[in-house]
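Have a look at the structure below before the remarks.
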Amino acid sequence: MTLLRRLKSRDQVALAELYDLLSPWVLGLVFRILQDAAEAEEVLSDVFVQVWDRIDQHDARRGPLVPWVLSIARNRALDALRRRRRWWRKAERWERARSAETGDQEPAPDPAEAAVPGWPVHQEVHRALAALPEEQRRVVLLAHFEGLTHSEIARRTGLPLGTVKTRLRMAHAKLAEALSDLKDWMA
């Protein structure tokens, strides 16, 4: 049975084989477009999810599987590039509006940091985190920046699981309030 037939029959081993065969090509193409390794790896994952979800749409009479997968990769990468550019434009508009509203002039960030899309959002998030009480900030950092589960946080900190959950819930409420002006901006 061909790889394409196995994919269409929902054979997960076939998907793994396809990934092993094509992921270097897909990653190379996507990285060439995005020039960002982390973002390219995210798009790589998205490409194979889309291939799996839409394999029934591939028509072998219209062309082989490899160009079809590479065209999906190119389209996903271009979509990511457009999203990044839109996000950057929104960030610039938001920062100008915030500066005009408050009359503040933030110290100039490091040029390498300022070049990152969403830098103003990054600044606001860190301000909101800094405003949290230390015990809430610590569990948020462990959960969202180290990726620990509630149970892992409880073990690491020696706190009861319920306390960890309560602190996270309180911190999330405070962060949501402090960052409420970003909700519309992020949409």
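Here is the figure for the stretch 16-39: residues that are assigned to a helix (DSSP H, G or I), of a type in the set (D, E, K, R) and within 21 Å of the chain's Cα centre (by Cα) total 2. Would you call Ala80 at pLDDT 85 or above and under 21 Å from the mean Cα position of the chain (by Cα)? Considered against the rule, which asks whether it is at pLDDT 85 or above and under 21 Å from the mean Cα position of the chain (by Cα), Ala80 comes out as yes.
Those helices (runs of 4 or more DSSP H) of the stretch 85-182 in which at least 3 residues are modelled with pLDDT of 75 or more, among the basic types (Lys, Arg) and not assigned by TED's automatic domain parsing to the domain that holds Gln35, considering only elements entirely within it, cover 161-178.
Listed residues Gln35, Gln50; which is touching a helix residue (DSSP H, G or I) at 6+ places or on another chain (Cβ under 7 Å) and among the polar types (S, T, N, Q)? Step by step, each of Gln35, Gln50 is checked, and only Gln50 is touching a helix residue (DSSP H, G or I) at 6+ places or on another chain (Cβ under 7 Å) and among the polar types (S, T, N, Q). Look at (1) surrounded by 17 or more Cβ atoms within 10 Å (Cβ to Cβ); (2) aliphatic (A, V, I, L, M); (3) without any contact (Cβ under 8 Å) to a residue 12 or more places away in the chain and you find that Met1 fails only one, number (1). The residues of the stretch 45-93 that are in contact with a Phe, Trp or Tyr (Cβ under 7 Å, 6 or more places away or on another chain) and either among the small types (Gly, Ala, Ser) or under 13 Å from Leu7 (Cβ atoms) (or both), listed by number, are Phe48, His58, Ala91.
Scanning the stretch 151-164 for residues that are under 24 Å from the mean Cα position of the chain (by Cα) and surrounded by 15 or more Cβ atoms within 10 Å (Cβ to Cβ) yields a single hit, Ile153.
The values are calculated or read from the model by the stated rules, or taken from the named source; none is laboratory data. No experiment lies behind these values; they were computed from the predicted model shown. Because the Cβ atoms are built from the backbone with ideal geometry, glycine has one as well, and the counts that use them run over all protein chains shown.
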